[in-house]
1. Can you pull out every residue in segment 42-58 that is over 14 Å from the mean Cα position of the chain (by Cα) and either on the phi > 0 side of the Ramachandran plot or loosely packed, with under 12 Cβ neighbours inside 10 Å (or both)?
2. Can you tell me which condition residue 31 does not meet? The list is (1) of a type in the set (Asp, Glu); (2) assigned to a helix (DSSP H, G or I); (3) within 28 Å of residue 157 (Cβ to Cβ), and all the others hold.
3. Run down 161, 180 and say which single residue is part of a loop (DSSP other than H, G, I, E, B) and of a type in the set (Asp, Glu).
4. For segment 97-112, name all the residues that are surrounded by fewer than 24 Cβ atoms within 10 Å (Cβ to Cβ) and in a helix (DSSP H, G or I).
5. Determine which single condition residue 80 fails, assuming it passes every other condition in (1) over 22 Å from residue 4 (Cβ atoms); (2) crowded, with 16+ Cβ neighbours inside 10 Å; (3) at pLDDT below 90.
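The values are calculated or read from the model by the stated rules, or taken from the named source; none is laboratory data. All values reported here derive from a predicted model rather than from experimental measurement. As a convention, Cβ positions derive from the backbone with ideal geometry for all residues, glycine included, and neighbour counts pool all protein chains shown.
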Amino acid sequence: MIADCELKSGHVLAGGAAMKMAQHLQPADEELRQSVQAIFGPESRLPVTARKDYSFQGTSDNAPAARRTAWNQALAGAATGKLGDAARAFEQLANDDANDAPAWYNLALARAWLGENKAALDALERYLAVENDEARATDAAALAEILHWGRGMESQSDYVEDSVVYQVLDPQALSPVLEEWQNARRIVGAQVDEEQGILTGLLLENTGGIVTRRGGPADATAGQLFHVDGAGHSVLAR
């Protein structure tokens, strides 16, 4: 249930962590194994960065004994599924030594597994500022892109998709409207799936006031992807 909620919220790392934790606790559950494979396996539609197995980094061999003990306790908490405890422990370790790159990385990862994408991204940015290993920094930067996904990250994402679902009570009455849009060339790329009875296309709307490359005003348009099915259900995504 946690994995389902996190994945629907766009928190891919948290959803994956929950599913894999459930699989560890129920190794004989074939349906769960297939679900994990479908979402995070080689045939997944997710990018590699979103479905790879991440793990905590170790502390320096030169770290004081007390710090190594606290580090091992944080790792133990994560191993038993107590990610909240692990996050708090690594937050303390990172604050105690702001230049400890692995502490910031582990804090970012623990927060990501908890579905706290914004807080995870904050920690990851601190990590990138102090990480000297180019390969690790590159991997972390790719991970940061995944953390921009999902609910709560709208203000920091590169793009945002909003959707509205509603029912058209009289689909036939929609035909004249669609015909009018077609004649006005407001529908682009219209496609009809006759088997499922679905019409899909890009609906353009006049936004006005946009300056063209030549410097003159234009009747500029913005697009809205829509589809209408045979049951009269319409989806509009802007």
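1. Passing the criteria: 42, 43, 53, 55.
2. Unmet condition: (3).
3. Going through 161, 180 in turn, the sole match is 161.
4. 101, 102, listed by residue number.
5. Status for residue 80: all satisfied but (2).
Residues checked against (1) surrounded by 18 or more Cβ atoms within 10 Å (Cβ to Cβ); (2) assigned by TED's automatic domain parsing to the domain that holds residue 55; (3) closer than 30 Å to residue 19 by Cβ; (4) among the hydrophobic types (A, V, I, L, M, F, W, C):
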{"residue": "114", "(1), (2), (3), (4)": "yes, yes, yes, yes"}
{"residue": "124", "(1), (2), (3), (4)": "yes, yes, yes, yes"}
{"residue": "127", "(1), (2), (3), (4)": "yes, yes, yes, no"}
{"residue": "135", "(1), (2), (3), (4)": "no, yes, yes, yes"}
{"residue": "140", "(1), (2), (3), (4)": "yes, yes, yes, yes"}
{"residue": "145", "(1), (2), (3), (4)": "no, yes, yes, no"}
{"residue": "170", "(1), (2), (3), (4)": "no, no, no, no"}
{"residue": "179", "(1), (2), (3), (4)": "no, no, no, no"}
{"residue": "182", "(1), (2), (3), (4)": "no, no, no, no"}
